[in-house]
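In what follows, a structure is listed as structure tokens, so that the remarks can point back to it.
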Amino acid sequence: MRNPTIVRRVALVLAGYAFLIASGEAGSQGYPNRNMRLIVPNAAGGPADGVARLIAQRLAERIGQQVVVDNRPGAGGVIGTEFVAKAPPDGYTLMWISINHAINPSVYTKLPYDALKDFAPITHATSGPLLLAVHPSVPANDLKSLLNLARARPGELTGASAGSGSIAHLTLELLNFMAGTKIVHIPYKGAGQALTDLLGGHVSMYFGNVLGLLPHVRSGKLKGLAVSTHSRSAAAPNIPTAAEAGVPGYEASSWFGVMAPAGTPKEIISRLNAEFVGQLRTPDMHEKLAANGTEIVASTPEQFSSYIASEIAKWGKVVKAAGVKAD
């Protein structure tokens, strides 16, 4: 004989589940019906911010709602990222993330969020190379010669970066790791200072933004030896990849993507993926981003999730091998 009390409890639980499911479906069907925020965990005016604002503008045009870019810089992106991790998972707070999201779990001893579990990937939006530029005083005109020189003179050659734990730093350490060299890292407080000292001959080399370095390469003030990605840059097609030039398997890119807080309904993630991918694949967006030396990726959420996990594992090995710590 059935226990009436147990039957009533089961009925209440099932009714609660049905209500939650119905509420989620109703919310996603009416989505979006108000303004959205795109959190950028970087300072305004930088490369990440510029592309994020372009992306936000196009998204607003597609969905008919305002998309506000909200810069929350600090601690290598940790402050803005924590804000998104704790935001309501309703699809109205999104984050424009960079490769720092995959680097920080290894560089910082403790983070106020889990880089994988606390977020719902939407799309891997763009990817771009870094250019290895050396000062003309360095007696090497290609990457292979540079590496031979570095092996012959361990600890003599120096490599600038925009700070410990930055992508420029880890790209250099990846080169050391894979090529068996000991190029000494010199951190600066920003890319501008690093480039200034490279042009002045105070450091030997620097992995930096392709478009920022190309004018100096073309003028003869610097030598461009290799790009960091697996394929050549459309902005500098005559410069080989590091893999082509002497380090097989070498690959590093400066990438960006979009994420939401974990728990955001799948229907909303799918809708956002369709909107972001749709705008990224338009001819005019391709033209605008290509002018910045950027390649469009426009992945699925699942592909982006796998990519982030692989990047965290990859850079974790480099950070451990080099003993990198955040500034």
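The values are calculated or read from the model by the stated rules, or taken from the named source; none is laboratory data. Everything quoted here is computed from the prediction, not taken from an experiment. As a convention, Cβ positions derive from the backbone with ideal geometry for all residues, glycine included, and neighbour counts pool all protein chains shown.
Okay, here's what the table says:
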read-out: Residues being of a type in the set (Gly, Ala, Ser) and part of a helix (DSSP H, G or I) - total across segment 36-72; value: 5
read-out: Hey, residue 226 crowded, with 22+ Cβ neighbours inside 10 Å and either touching a helix residue (DSSP H, G or I) at 6+ places or on another chain (Cβ under 7 Å) or of a type outside the set (A, V, I, L, M) (or both) or not; value: yes
read-out: Residues located in segment 141-156, provided they are buried (at least 20 other Cβ atoms within 10 Å of the Cβ), out of contact with any strand residue (DSSP E or B) (no Cβ under 7 Å at 6 or more places or on another chain) and in contact (Cβ under 8 Å) with a residue 40 or more places away in the chain; value: 147
read-out: The lone exception for residue 258 - which of (1) assigned by TED's automatic domain parsing to the domain that holds residue 141; (2) under 18 Å from residue 96 (Cα atoms); (3) among the aliphatic types (A, V, I, L, M) it fails; value: (1)
read-out: Total residues in segment 186-207, condition in contact (Cβ under 8 Å) with a residue 60 or more places away in the chain and either of a type in the set (A, V, I, L, M) or surrounded by 14 or more Cβ atoms within 10 Å (Cβ to Cβ) (or both); value: 8
read-out: Listing of helices (runs of 4 or more DSSP H) fully contained in segment 234-327 that carry 3 or more residues being out of contact with any strand residue (DSSP E or B) (no Cβ under 8 Å at 6 or more places or on another chain); value: 266-280, 283-290, 301-322
read-out: Residue match in segment 287-297 (condition: without any contact (Cβ under 8 Å) to a residue 40 or more places away in the chain and among the polar types (S, T, N, Q)); value: no
read-out: Residues of segment 70-91 classified as under 22 Å from residue 294 (Cα atoms) and surrounded by fewer than 17 Cβ atoms within 10 Å (Cβ to Cβ), total; value: 0
read-out: Only listed residue being hydroxyl-bearing (Ser, Thr, Tyr), at pLDDT below 95 and within 30 Å of residue 89 (Cα to Cα), chosen from 310, 299, 306, 254; value: 254
read-out: Hey, residue 94 crowded, with 24+ Cβ neighbours inside 10 Å and either without any contact (Cβ under 8 Å) to a residue 40 or more places away in the chain or in the same structural domain as residue 315 (by TED's automatic domain parsing) (or both) or not; value: yes
read-out: Matching option when the condition is more than 21 Å from residue 243 (Cα to Cα) and in a helix (DSSP H, G or I), among 149, 195, 214, 174; value: 195
read-out: Conditions (1) over 30 Å from residue 316 (Cα atoms); (2) surrounded by 20 or more Cβ atoms within 10 Å (Cβ to Cβ); (3) at pLDDT below 95; number of the one not met by residue 55; value: (1)
read-out: Segment 73-110: number of residues that are assigned to a loop (DSSP other than H, G, I, E, B), modelled with pLDDT under 95 and either more than 19 Å from residue 317 (Cα to Cα) or among the hydroxyl-bearing types (Ser, Thr, Tyr) (or both); value: 4
read-out: Filtered residue count, segment 177-190, keeping only those that are within 18 Å of residue 133 (Cβ to Cβ) and in a loop (DSSP other than H, G, I, E, B); value: 4
